[in-house]
């Protein structure tokens, strides 16, 4: 009985080593690096384009963000971006295009639940927490700045 | 060279985020929130601007760059308008990206059917 169990266990381990990826963590990180890096390089291209039009690096940041959000939205609409997220995880989710994906994908999916409680509410399921805590952090930073340097004005 | 730097640092941030997701029990949403807050606080301490200058879009395109924009907006408007800026600066600086996402989200809900 114990022997049969042992054999069973070995067979399971061997099967698992054949089927499961050997270093999933390393592989996932490599994919995130490659895809995330490519998206940022594309962002650099967009920013360079706006700077060639005469905008400073600071001024170029806004239209660059908006255009990348547009790209992320269109690719999400076409069903492409969700494949990138499945393949690269954070490599696709961490760039601002992924932020657009987090808003657009549920907006599409929950339209059947109506415009207000579906599209309107679900749009911010993932983006909402990001905006809430990002806003709170910005208030903390602004308050810190005000207390250290502000009252003098 | 600018492209290579953007690729390297943006990829690095994404790989770190992925490692955190794979190595802890935090959900991707938690990690995204953590990266935005970390970016904002680092920016408030003056640590993020040098990264932006060196790595360009590699530092601004990932979500910590969104935190950086929020924090710099809060600082700028606080410097200009006093305590009112504490409340207006962050969202004012990121209004374009946020509004774009809402508009495109609504348009996509009109125009596209979800695939799967």
Subject >> Out of B:64, B:50, sole residue that is more than 15 Å from the chain's Cα centre (by Cα), part of a helix (DSSP H, G or I) and either at pLDDT 95 or above or more than 7 Å from chain A (Cβ to nearest Cβ) (or both) >> reply: B:50
**OP:** Could you run through the range B:70-93 and say how many residues are in contact (Cβ under 8 Å) with a residue 12 or more places away in the chain and either more than 7 Å from chain A (Cβ to nearest Cβ) or on the phi > 0 side of the Ramachandran plot (or both)?
**Re:** 5
Original post:
With A:108, A:90, A:123 as the choices, which residue is over 14 Å from residue B:66 (Cβ atoms), at the interface with another protein chain (Cβ under 7 Å from one of its Cβ atoms) and modelled with pLDDT of 95 or more?
Top reply: A:90
**OP:** Can you tell me which residue among B:56, B:10, B:89, B:82 is within 15 Å of residue A:142 (Cβ to Cβ) and buried (at least 19 other Cβ atoms within 10 Å of the Cβ)?
**Re:** B:89
Subject >> Checklist (1) out of contact with any helix residue (DSSP H, G or I) (no Cβ under 6 Å at 6 or more places or on another chain); (2) over 28 Å from residue A:33 (Cβ atoms) applied to residue A:131, failing item >> reply: (2)
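The values are calculated or read from the model by the stated rules, or taken from the named source; none is laboratory data. What you see is a predicted model; the values in this text were computed from it and never measured. Positions of Cβ are generated from backbone atoms using ideal geometry, with glycine treated the same way; all protein chains shown enter the neighbour counts.
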